[in-house]
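Here's the structure we're looking at; comments come further down.
The values are calculated or read from the model by the stated rules, or taken from the named source; none is laboratory data. Just so we're clear, the structure is a prediction, and the values are computed from it rather than from any experiment. Glycine gets a Cβ as well: all are built from the backbone with ideal geometry, and neighbour counts include every protein chain shown.
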Amino acid sequence: CTPTVKVQAPDKPIEINLNVKIEQEVRIKVDRELDSVIANNPDLF
Amino acid sequence: MFVFLLVTGAAIGAALVYLPVLARPVIVQLAENAGIAGVDFTIDSIGWREASLTGLTLAATDTDTGTGTGTDENTSPDLTVGAARVTYDVAGLLRGRADRLVLESVRLAGEVTEDGTVHLPLLSRFSGGEGAGASGGFADLPLDGIEVTDAQLALATPEGPHVVTVDGMLDLSTHPRAELTLGVAGDAVSLSGDITAGMSGQWIKLAADALEAEIDLPGLPGRLALAKGAIALEAPGLEGGTGTLSGDLRFVRRDGDDLPLREASGRLDIGMTYDQGLLRLALPACSRVDLVWDRAQPIRAKSIDLCADGGRDVAGLRLGPAAGEPAWTVRALAEVEGFSYGTLVTGQMPDLAIDARQDADRGLVVSADMSGGKLRLPGQGIELAGLRGRVTLAPGHAGEAGRLDLTRADMRDLQAAPRFAPVVASADLSLDALGEDGWTKGRISGPVRVALPAGQSLARGTVTHDLRSGRGRLSFGTGTLLFSEKGMQPQALAPVLRGVVAAVNGQASVDGSLSWTRNGVSASGATVEMEGLGLQASAARFEGISGTLEFSSLVPVRTKGPQAIAIGVVDPGVPITGGVALVTVGDNGDVVIENAQWPFADGQLVLTSGALNTRASVQHAELAALQVNLATLLTLIDMDGLSGEGTLGGRVPIEIRDGTVFITKARLAAEPGGVLRYSSAGTDAAAERSEGANIAFKALENFRFEVLSVELDGPMDGDLALTVELKGANPELLEGYPVHLTIRTEGAFLELLRRGTVGFRALDVVRGTDQTGGVTIERVPPGP
Amino acid sequence: LTLSDAKSQGLIGEMATGYVGYPSAPSAAVKQLGDGVNLGRKSHYADIAAKEGTSLTVVEQLAGKKLIEQAPAGTYVNDGSGWRRK
C-alpha cells in the first residue's frame, strides 16, 4: 500500500496583527489656509 | 318892567308848553331823515337844555323784516326805549341837530337764522334799507353823541333765545369813538367784555379786552370757554385791516359725550388780516394746547404745539356771501405721555405734523406726517421705531376714510437673543370706514413690505386689521430667497438659527400667514420650500436639501408634525447620497431629525433609534447598516487596488457631544463570507516591509474570508480607531493555510479615506510600520 | 453684540479646540453668538480638511493653537487647563 501523506488540517491559523499608524504630519498648507480664513472672516475669528 | 318879565315868562312858559309841540316834528323829522319811520314817543319834559321822552317805540314794519314777524298787528315793536333824554341848544335844534342822546333800558329784537345770518330790523333800516336814502352809518346821525345804559337785544337763534346787553357811550363828533361793555347771555353763548372803537377819517380802530366767553353748542362735544380775551383791530377803511386775537381757550367735554378727550386748554395768540372779504389768520408763535384724556384712551398726547407751517397763514375764512369752511393748515408737534393699547402696544408715538384742510366737497381732510416714535408690542417682543410716513384721515368720506402710507419703520426683536435681525417695514394701508360710525370702527388693509436695512426685499404681503374687533391677519411671501456664502445667510436673518445652520447656499421660499386678536397672535403658519440647499450643521455638512416644510405655528416656531425632506449629499468622509429624512422643527428653532435613511453602497443606512437634535449638546442615536454590498462600498472608498465581494451589515451607535460625532463601538460584519483583494504597489514596496506584513499582503491578494468584522470607535472626524478582523485564507498562499489577520489603524481613518481620494495607495502607508514596532507575528508551525 | 465686543468684555474666550467657549455661564444672547461663531468656524475647518486631505481635528487643533497665540492681551483663553486672562 502506498503511504498516504495526510496533510493535517492546521489547527492554528497564522496570526497577523497590523497596526497602521496614520501620522499627522504638520501641514504647512493647512496653516496657510487657516491664516487666510481667519483674515477674511473677522466676524468669526 | 314887571310886565315885560311876565310876558317873557309867559312866552317862555308858552314856549315851554308848546316847545314839545315844536320839538316833536323836529325829532320826527330828525328820525325820518335818519331813515327811521314809525317812531312814537311821549315827551316828558322839554327844557332849553334838555328834553326827555319816555315810552319811545319803533313800530315793526313789514317792509324790511320780511321774515313773517311784520304783518299782524300785535307784533312787538322793533325797538322800545324806557327813557331817552336829548340835550341840545335851541340854535342846534333850529339847525336840526341835537347834542347828546341818552337812552336807558333799550329793548331791541332780532333773529339769527339757521344759516347764521343775523336779522336786526333797526340796523337793516339804518344801514340803507330801501327808502332810507341816508348814506347809512352812524356818522350821519344829527347828534354829537349817544349814551346807552341797559340796552338789551333779544335774539331768537336756532339754539334758543339769547340776550345781548350793551352799556356805553358813542361819541359822533369829528372823530367818532365808542366805549361799550358788551354781554351775551343764553344757552349756547355767553360773553362779556369791554369794547372801545374809534374812527378818524377813514381809519377805524377797535379794541376789546377782559373778554370772557363760553360757547356750548349742541353740535360741539363740549363747552368752549375763552378767558382774559383781547381783540385789537385796525382798518384803514372797510376794505382791509389787521388785528390780533388772544386769550386762554379751554374746552371741557360735556358729560356723557363719548369723545375720549376730557379737556383741552391753551394760550391763543392769532394774527388777523382782512382784505376784500377774506379774513386770514396767522400764528405768530406756536401755541401749546395741553390735553387731558380718559385713562382708558390708548393714545394720550400730553400736549400739542400748534404752529404756523413755515410762516404760512394758518387759516383763511372767506366772509360775506360765499362764506365757506376755513381751510386750516397748521402744524402740530404732539408730545405723547405714556401710551398703551391694552397690553398690545406701548411706547412713544411719532411726532405728528398735522395739516387740516378742507377738500373740494367741503369735507375736512386731516393729514399728519409722522416721524420718529418708538412703539413696542410687549406680547410679541417687537419694537417699531423711527417711523416715517403720512396718515391721512378724511372722516367725511364713507368708504376709504383714510390712508396710512408708511414709507419706513425699523422693526427690531426686543429679546436679548433675537429671533430675527432688524428689518425695515413699509406699507400703503387704506382705512375703510365700514358704515357711518367713522374710522375708529373701520378696517385697515393694504400691501406690506419687509426689506433688509441695506435694501434687499425680504417679503411682501397684505395685512387687514379690524379696528372694532381688534382682529387682523397678515399673509406674506418671500419669493425665492437666494442664499450664498458671501451673500444672504438665514442665520443672519434669523439669529435663532445660529448654531443650527451656517455657510448656507441654495434657494428657499417662505409663504405664511399670521392672525391676531386683541390679546395676541391667535393662529399662524407657513410653508417653506427648499431647493438644493447646502448647509453646515453641527454634525455634518448637508448638500442638496430639498422639500417642503409645513409649519403649523410661527409663534412659537413649530412644524406640523414630522416633514419629509430629501438630503442630497451628506459627507461624513464618504459621500452618502439620496437620503430622505423626517424632520420636525421644535420650539426654539431646534431641528430634530426623527428618522432618516440613505441608500448606501446598494444597501441602506437607517437611523433606527434616537433623534438627531441639531441644538442638543449631548445626544445618542443609532444607525443600522443593512445589506451593504462590500464591492460597492470599496469602490466608494475608492482606494487603489482594493476590491472585494460580500454583504456587510451591523449597528453604528453614535453620540454627538457639542457637535462632534463620536462612533461608539460600531460593529459591522460580513456574513456568511466573501473575498477581499488588495494588490499592493510594486515589488520594491515589499522589500522594506516586515515579514509579517509581506505575508499579510500576499494573503490579501486574494483573501477568501469566513469572517470579516469591522469595528469603529472614536470621533468620526478625528482619531477614529478602526479595527478590521479577517479570518480565512488565500488558496494560493501556503496551500490556503488559514490566516487570522487583524488590521488596526490609529489616527484619522477618514483622513486615510480622504488620502485615497487624494490619489495614492493609502495601505502602502504600512511601509513605515516597523519603526513603530507595530507588527507582531506569531508564527505557529503547523501542528505535529 | 459682536464677537470682538464679547471677547473684550470677557464673555467669550478662545479654546485649544479651535472654537470659542464661555469663561462664565453665558447669557442667551452670548450663547447664541457663540453657537453661530463655532458653526461658522466648523464649516471653514471642514472645507480645509477636505481640500488638504486631512482630518477636521487636525485643522481644529492647529486653529486653536493659532487663535490662542493671536488673541490680544486681556482675552480669555483656555488651552485645556482652565480659563486664564491673557
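When segment C:30-61 is filtered for residues that are more than 9 Å from chain B (Cβ to nearest Cβ) and in contact with a helix residue (DSSP H, G or I) (Cβ under 6 Å, 6 or more places away or on another chain), the ones remaining, listed by number, are C:TYR45, C:ILE48, C:VAL59.
Every residue, every condition in (1) more than 14 Å from chain C (Cβ to nearest Cβ); (2) touching a strand residue (DSSP E or B) at 6+ places or on another chain (Cβ under 6 Å), yes or no:
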residue: B:ARG443; (1), (2): yes, yes
residue: B:THR478; (1), (2): yes, yes
residue: B:SER484; (1), (2): no, yes
residue: B:PRO490; (1), (2): no, yes
residue: B:PRO495; (1), (2): no, no
residue: B:VAL501; (1), (2): no, yes
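Would you confirm whether or not segment B:256-269 contains a residue that is over 38 Å from the mean Cα position of the chain (by Cα) and part of a loop (DSSP other than H, G, I, E, B)?
no
Taking B:VAL675 as the residue in question, decide whether it is touching a Lys or Arg at 6+ places or on another chain (Cβ under 8 Å), at pLDDT 85 or above and not hydroxyl-bearing (Ser, Thr, Tyr). In short, yes. B:GLU655 meets the stated requirement of being assigned to a strand (DSSP E or B), surrounded by fewer than 18 Cβ atoms within 10 Å (Cβ to Cβ) and out of contact with any Pro (no Cβ under 8 Å at 6 or more places or on another chain). Of the set (1) buried (at least 22 other Cβ atoms within 10 Å of the Cβ); (2) among the small types (Gly, Ala, Ser); (3) at pLDDT 70 or above, all apply to B:GLY714 but (1). Here segment C:6-21 is the region considered, the condition is being surrounded by fewer than 20 Cβ atoms within 10 Å (Cβ to Cβ) and in contact with a strand residue (DSSP E or B) (Cβ under 6 Å, 6 or more places away or on another chain), and the residue that is farthest from C:GLY40 (Cα to Cα) is C:GLY10. None of B:GLY512, B:GLY520, B:GLY547, B:GLY472 is among the small types (Gly, Ala, Ser) and surrounded by fewer than 17 Cβ atoms within 10 Å (Cβ to Cβ) except B:GLY520. Of B:LEU700, B:LEU750, all but one fail to be closer than 29 Å to B:GLN597 by Cα, assigned to a helix (DSSP H, G or I), at pLDDT below 90 and not β-branched (Val, Ile, Thr); the exception is B:LEU750.
Answer yes or no: is there a residue in segment B:426-435 that is in contact (Cβ under 8 Å) with a residue 40 or more places away in the chain and either part of a strand (DSSP E or B) or not assigned by TED's automatic domain parsing to the domain that holds B:ASN613 (or both). No: segment B:426-435 contains no residue that is in contact (Cβ under 8 Å) with a residue 40 or more places away in the chain and either part of a strand (DSSP E or B) or not assigned by TED's automatic domain parsing to the domain that holds B:ASN613 (or both).
Remark: pairs (first residue in segment A:32-45, facing chain C (nearest Cβ under 8 Å) and free of Cβ contacts under 8 Å to residues at least 40 places away in the same chain; second residue in a helix (DSSP H, G or I) and of a type in the set (Ser, Thr, Tyr); Cβ separation under 6 Å; 6+ apart in sequence or on different chains) are absent. Within segment B:176-188, residues that are closer than 20 Å to B:VAL102 by Cβ have Cβ atoms under 8 Å from residues that are surrounded by 15 or more Cβ atoms within 10 Å (Cβ to Cβ) and of a type in the set (D, E, K, R) in these pairs: B:ARG177/B:ASP171; B:ALA178/B:ASP171; B:GLU179/B:ASP194; B:LEU180/B:ASP167; B:LEU180/B:ASP194; B:THR181/B:ASP167; B:THR181/B:ASP194; B:LEU182/B:ASP194, counting only partners at least 6 apart in sequence or on another chain. Is it the case that some residue within segment B:471-482 is closer than 28 Å to B:ASP658 by Cα, in contact (Cβ under 8 Å) with a residue 40 or more places away in the chain and not small (Gly, Ala, Ser)? No, segment B:471-482 has no match at all. With respect to (1) of a type outside the set (Gly, Ala, Ser); (2) within 23 Å of B:THR559 (Cβ to Cβ); (3) away from every other protein chain (no Cβ under 14 Å), the lone exception for B:ASP432 is condition (2).
For B:SER426, state whether it is in contact with a Lys or Arg (Cβ under 7 Å, 6 or more places away or on another chain), among the small types (Gly, Ala, Ser) and at pLDDT 95 or above. Spelling it out, B:SER426 is indeed in contact with a Lys or Arg (Cβ under 7 Å, 6 or more places away or on another chain), among the small types (Gly, Ala, Ser) and at pLDDT 95 or above. So which residues in segment B:540-592 are part of a loop (DSSP other than H, G, I, E, B), within 16 Å of B:LEU607 (Cα to Cα) and away from chain C (no Cβ under 12 Å)? Within segment B:540-592, B:PRO562 is the sole residue that qualifies.
Which of the residues that make up segment A:11-31 are at pLDDT below 70, at the interface with chain B (Cβ under 7 Å from one of its Cβ atoms) and touching a helix residue (DSSP H, G or I) at 6+ places or on another chain (Cβ under 9 Å)? Break it down into steps so the answer makes sense when it comes.
Filtering segment A:11-31 for residues at pLDDT below 70 gives A:11, A:21-26.
Subset that is at the interface with chain B (Cβ under 7 Å from one of its Cβ atoms): A:11, A:21-24.
Correct list: A:LYS21, A:ILE22, A:GLU23, A:GLN24.
Would you confirm, using the coordinates I've provided, whether B:SER475 is closer than 20 Å to B:LEU377 by Cα and assigned to a loop (DSSP other than H, G, I, E, B)? Against the criterion (closer than 20 Å to B:LEU377 by Cα and assigned to a loop (DSSP other than H, G, I, E, B)), B:SER475 does not qualify. A count restricted to segment C:1-60 and to residues that are touching a residue at least 60 places away in the same chain (Cβ under 8 Å) and among the hydroxyl-bearing types (Ser, Thr, Tyr) stands at 1. Somewhere in segment C:59-82, is a residue more than 13 Å from the chain's Cα centre (by Cα), within 18 Å of B:GLY499 (Cβ to Cβ) and among the aliphatic types (A, V, I, L, M)? No, because not a single residue in segment C:59-82 is more than 13 Å from the chain's Cα centre (by Cα), within 18 Å of B:GLY499 (Cβ to Cβ) and among the aliphatic types (A, V, I, L, M).
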